[in-house]
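Asks: Have a look at this one before I ask anything.
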């Protein structure tokens, strides 16, 4: 059986990136902590860290171990809270994976109803690439996944894609950059800098293809896996960037940008992916119903 003290030390070293900083936080001598980590690696029979000088990087197995260790301690904290309440669980934990290409404001709007359930819900969000999230769902570590595309064809993971809705794409720019545009949209995009979502996003290919069909050339100056980082660069006038129309009020207010034009031919679609064909979890049903009747309802 694993020694939980060793596991705690392992998590601390992984988070701090080295023995010395972790030892300071744990109030231990570095030599003592180093011995504890070595004993853990000997116990499991595999290296958890690659050591480069004082820096310690997780091995692939170490990264997997860290994800399980963090869940173990999170579950322990939940158990402690339940016991303090006299053994009666006062909340339901709802774990959601969010594909990293889904805009943060859209994810927030989709998940907002979860916290308004009659039964107290603790929402746990985990952001990553879709393929990794689906793997987490397959081993029941996630209750559902939000994505901008359905499950990839041919995947061996059991899951079902529930369409939530779609939204036209708007092109946004800082006021300073927008003032430099001459003529009508979309011809005024010619030669302008473009910020593009990363390769995992459906827009990564769809937007350049739309520009090509229109005979418009834009300079791609940056690609971003993180949609919030892309918008931050857009706020700084680095380039024009796409945003889902459903999130425009939030994007405009937060980043102080303005709409350049709307591309009606391109729609960003959103899906709830679950391990079940029929949604049974009350929180998952609330997300689906809110999206269909509110966020993506016709004319909303």
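Asks: Is it the case that some residue within the stretch 48-64 is within 30 Å of residue 255 (Cβ to Cβ) and surrounded by 13 or more Cβ atoms within 10 Å (Cβ to Cβ)?
Replies: No, the stretch 48-64 has no match at all.
Asks: Something else: Residue under question is residue 10, and the condition is that it be buried (at least 19 other Cβ atoms within 10 Å of the Cβ), farther than 30 Å from residue 273 by Cα and in contact (Cβ under 8 Å) with a residue 24 or more places away in the chain; does it hold?
Replies: When the stated conditions are applied, residue 10 passes them.
Asks: Criterion first (assigned by TED's automatic domain parsing to the domain that holds residue 164, surrounded by 15 or more Cβ atoms within 10 Å (Cβ to Cβ) and at pLDDT 90 or above) does residue 267 satisfy it?
Replies: Yes: the conditions hold for residue 267.
Asks: For the structure I just gave you, tell me whether residue 232 is surrounded by 15 or more Cβ atoms within 10 Å (Cβ to Cβ) and closer than 21 Å to residue 166 by Cα.
Replies: So residue 232 does not fit the description; no.
Asks: Looking for something in contact (Cβ under 8 Å) with a residue 60 or more places away in the chain and touching a strand residue (DSSP E or B) at 6+ places or on another chain (Cβ under 6 Å) - is there at least one such residue anywhere in the stretch 134-142?
Replies: Yes, because at least one residue in the stretch 134-142 is in contact (Cβ under 8 Å) with a residue 60 or more places away in the chain and touching a strand residue (DSSP E or B) at 6+ places or on another chain (Cβ under 6 Å).
Asks: So, in the stretch 246-264, of the ones that are over 22 Å from residue 193 (Cβ atoms) and touching a residue at least 24 places away in the same chain (Cβ under 8 Å), which residue ends up surrounded by the most Cβ atoms within 10 Å (Cβ to Cβ)?
Replies: 246
Asks: Could you identify the single residue in 205, 165, 191, 154 that is touching a helix residue (DSSP H, G or I) at 6+ places or on another chain (Cβ under 6 Å) and either in the same structural domain as residue 240 (by TED's automatic domain parsing) or touching a residue at least 24 places away in the same chain (Cβ under 8 Å) (or both)?
Replies: None of the other options fit; the residue is 165.
Asks: In addition: Restricting the search to the stretch 120-140, which residues are closer than 21 Å to residue 294 by Cβ and at pLDDT below 90?
Replies: Matches in the stretch 120-140: 121 only.
Asks: Taking the stated definitions as given, is residue 274 more than 25 Å from residue 171 (Cα to Cα), touching a helix residue (DSSP H, G or I) at 6+ places or on another chain (Cβ under 7 Å), assigned by TED's automatic domain parsing to the domain that holds residue 171 and touching a residue at least 12 places away in the same chain (Cβ under 8 Å)?
Replies: yes
The values are calculated or read from the model by the stated rules, or taken from the named source; none is laboratory data. Since this is a predicted model, take the numbers as computed values, not measurements. Cβ coordinates were reconstructed from backbone atoms using ideal geometry, including for glycine residues, and neighbour counts include every protein chain displayed.
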